[in-house]
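Written out below as structure tokens is the structure these notes cover.
The values are calculated or read from the model by the stated rules, or taken from the named source; none is laboratory data. The structure displayed is predicted, hence computed values, not measured ones. Cβ coordinates were reconstructed from backbone atoms using ideal geometry, including for glycine residues, and neighbour counts include every protein chain displayed. In case anyone asks, the SASA skips ligands and DNA or RNA and just uses the protein heavy atoms, side chains included. Shrake-Rupley method; radii C 1.70, N 1.55, O 1.52, S 1.80 Å.
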Amino acid sequence: MGIELHAEKAGCAEMEIAEITDSDLFKLVRHALKSALQGDPDQYEQLLRVMHPDEGVLPDVALLVTCLKALSGSVSCLDIVHHKSLIASILQMSMWNYGTDVMDALMEFNISLAASSGQYVDLCLEMLVSNFMPPDSFISLLNQPPGILRKGQVIDRIHSTLTYIAKLLPLSPLRLERMITERMPHIFTKEPLILIYVENMLKLESGAIGDLVGRTMLVAIMDKLIDLDVDIAWDDILQEDFTKGIFDMELGDLEWPMDDGQQNGDELQISWMERYFSGNLNAQKLDSLIVLTFEHLNFCKESGRLSQVFHTLLQSFQQTVLMAYKSKFAQFVLFYACSLDPENCGRRFADTLFHKFKSSKYPEWRMSAVAYLASYLARAKFLPISFVAEYVESLLEWCSTYCSNQGGSINPKAHKEFYAGCQAMMYILCFRMRSMLAIPRIRSRISKHIEDILRHPLSPLMVCLPSIVEEFLRLAKVTHLDVPDNFVSSNLLESELSMAFGGRERLDTFFPFDPCLLMKSDRFIRPNFVYWSMVRSSYDNDDDDDEGTSDEDDIEICTAGNGINIPNDGAARSYDQDLDEFEIDLHRLMTLKEEMLALPWQRVVPCHEELKMLVLIRGWLWQVTEIM
């Protein structure tokens with residue numbers, strides 16, 4: 001095509017417009033570069049004005065594209081000293097400000113320059129990384145259709161160029177990962193910018209060079225989550241009321257109604273979050289970044305890479321999150337990954353935590369690990385009860401062995417790991433006791449050690465958090481678990497003894513998987529989460545039942561939930577799970593049989609749906625009795 005360019009005619013001092021072809025322009029560009037080396041800057045300065053027009057002057061897009069292509073074919077003529085201003089003006093161009101023709105020409109120049117000499121590689125990579133984020137003037141467009149389209153165009157070209165350079169220069173990814181982590185936005189960067197930067201990092205992690213830079217990207221992202229997390233003070237979340245127990249605080253403060261008829265859910269969540277995070281920009285950034293990470297984990301699950309990614313996350317967790325002082329939210333990345341693959345990721349996480357508790361040389365690390373383990377096992381709805389029971393039994397065995405090797409009496413500071421282990425065991429049982437004790441073989445294993453541990457002279461019931469101890473003993477009474485009955489309630493959230501074993505970090509009050517207070521993240525966590533309100537309601541019913549039933553009351557025995565639990569979700573089940581379900585169902589049947597035989601027949605009122613089956617059920621229960 002023909003391009004108009006100012007050219008100096010021989011014998012004339014004035015510049016005039018001449019129609020030239022693209023091939024002629026390529027020659028002029030080369031001539032301008034060589035002239036600059038020889039001390040004649042006129043044509044070189046003209047070239048600079050094409051790359052960087054004066055303020056208020058719109059660039060000639062066709063001319064800009066052709067000059068960039070000409071420079072791509074002339075990189076051997078570039079000198080890093082004499083052509084420094086030209087190279088800088090090109091590499092400082094923001095792709096976000098141009099259409100796809102200019103973007104493609106820029107990427108072509110970038111690749112040619114990087115491949116021409118090692119001295120340009122870092123400059124080219126920096127240009128690409130700097131385009132991870134748009135200029136501030138573009139932020140308002142990011143959520144509009146033109147902005148979304150431009151974002152996709154820019155990001156796709158950046159990553160295809162990085163991949164191409166990595167193929168040409170195998171060591172470039174090492175430079176790239178260092179550059180990305182060093183240029184990562186600080187926590188006070190505007191939310192849209194830090195989000196799009198992390199989005200680029202995650203795209204690299206799952207892209208063609210992910211095997212080379214992916215681990216560094218994930219670790220850097222987890223570090224950034226922790227930076228934001230620790231910047232949010234506990235005072236920003238809630239004013240702790242020490243007249244409430246741990247469980248009462250959740251019921252009263254952290255739960256919103258589940259009945260959609262009571263209040264619009266979205267409006268309620270928004271007002272609830274504003275209560276704790278009104279004006280806290282870093283909490284909102286952290287929420288958005290965690291959701292972005294959740295979505296990436298979903299993508300990894302679908303592409304069969306979750307196990308590989310989880311390995312890196314678990315290493316990062318041990319190095320940063322586990323050691324962070326009362327991390328509040330970042331750990332939910334691990335929780336969500338485990339929910340996507342309980343059998344693999346879920347077990348690896350629990351194994352790692354229990355191993356840390358048993359073998360770490362630092363008491364604080366061991367206490368933190370067992371706090372994570374307890375909170376995880378208590379809250380993860382996706383873990384089968386046999387899985388949870390396995391770790392409770394392991395904790396009981398560890399505590400029992402510790403008791404066997406220790407004498408003396410209460411000493412919170414000297415035996416802090418022991419008290420942390422006991423508190424973890426009681427905390428898990430507060431959430432899971434009913435389900436576990438319904439299985440006879442698990443009940444017998446738990447009963448084997450628990451009373452001896454609690455009655456040991458080290459007196460864990462006197463040292464652990466009173467609110468947990470009291471709830472544990474209350475539920476143990478409801479489920480008829482043999483535990484000491486001489487404990488005197490203090491009605492306190494904490495005691496001097498619990499504060500002593502908790503230490504300066506107050507690890508005695510650390511429950512890392514308490515309900516997630518981040519609104520957007522909560523939507524991912526809530527379906528997989530056990531809330532105390534779910535557990536407490538079932539025990540409250542038992543408390544009501546303990547008050548007795550009058551002779552005049554009719555008893556309905558076929559209500560929903562009283563029958564055999566037949567799973568119909570199609571999920572694969574292990575032999576242990578099937579056995580556990582069988583034992584639970586058999587236990588329910590025997591309990592039901594005893595209740596029926598103890599009652600006059602006329603007081604048993606069947607469900608309407610199963611009226612015709614009542615006689616058969618009763619006859620079958622008699623057969624079960626004879627068999628057993």
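Simple spin-label model, 7 Å along Cα-to-Cβ: Ala208 to Asp156 in nm?
According to this spin-label approximation, the distance is 1.5 nm.
Students often get this wrong: which residues of segment 126-150 have the backbone nitrogen under 17 Å from the point 7 angstrom along Cα-to-C-beta of Leu171?
126
Expressed in nm to one decimal, what extension gain is obtained for the pair Ile139 and Ala62 from 0.36 nm per residue of sequence separation less their Cα-Cα distance? The partial results should precede the final answer.
On the way: separation 77, 0.36 × 77 = 27.72 nm, distance 2.69 nm.
Stretched fully, the Ile139-Ala62 segment lengthens by 25.0 nm.
Between Glu451 and Asp223, what's the calculated FRET efficiency when r is the beta-carbon distance and R0 is 45 Å? Round to 0.05. Spell out each step's value before the answer.
Working: r = 45 Å, r/R0 = 1.00.
In this case the efficiency is close to 0.50.
For Phe529, enumerate residues with amide H under 5 Å from its amide H, sequence gap 5+ or separate chain, H modeled in the peptide plane.
Result for Phe529 returns Lys381.
How long is the gain from Glu302 to Asp42 if the chain were fully straight, where each residue apart is worth 0.36 nm and the alpha carbon distance is subtracted?
87.8 nm
Per 0.36 nm of contour for each residue apart, how much would the distance between Ser400 and Arg347 grow if the chain were fully extended, relative to their Cα-Cα spacing?
Values: separation 53, 0.36 × 53 = 19.08 nm, distance 2.35 nm.
Taking 0.36 nm per residue and subtracting the Cα distance, the gain is 16.7 nm.
Give the calculated FRET efficiency between Lys413 and Glu182 to the nearest 0.05, with a Förster radius of 45 Å applied to their Cβ-Cβ distance. Let's see the in-between values first.
Values: r = 42 Å, r/R0 = 0.94.
After rounding to 0.05, the efficiency reads 0.60.
Heads up, I need the accessible area for Phe510: 1.4 angstrom probe, whole protein in place, Å², nearest 10.
Counting only protein heavy atoms, the figure is 10 Å².
Lys and Arg at +1, Asp and Glu at -1: add these up for the other residues within a Cβ distance under 13 Å of Ala115 and post the number.
Values: positive: Lys167; negative: Glu108.
Neighbourhood net charge equals 0.
For segment 291-379, state which chymotrypsin sites (Phe, Trp or Tyr not before Pro) are in a DSSP loop and have at most 15 other beta carbons lying within 10 Å of their beta carbon.
Working: sites: Phe294, Phe299, Phe310, Phe317, Tyr325, Phe329, Phe332, Phe335, Tyr336, Phe349, Phe354, Phe357, Trp365, Tyr372, Tyr376; in loops: Tyr325, Phe329.
Passing both the DSSP loop test and the Cβ count: Tyr325.
Using only the Cα atoms of segment 380-489, each taken as one equal point scatterer with no solvent, compute I(q) by the Debye sum, divide by I(0), and report log10 of the ratio at q = 0.12, 0.13, 0.17 Å⁻¹.
So the normalised log intensities work out to -0.37, -0.44, -0.76.
What percent of all Cα-Cα pairs in segment 44-149 falls in each 10 Å bin, counting up from 0?
Bins of 10 Å from zero give 13, 46, 32, 8, 0 percent of pairs.
For a Förster distance of 35 Å, can you work out the FRET efficiency between the beta-carbons of His31 and Ser117, rounded to the nearest 0.05? Don't jump to the answer; show the numbers that get you there.
Details: r = 21 Å, r/R0 = 0.61.
That pair, His31 with Ser117, gives E of 0.95.
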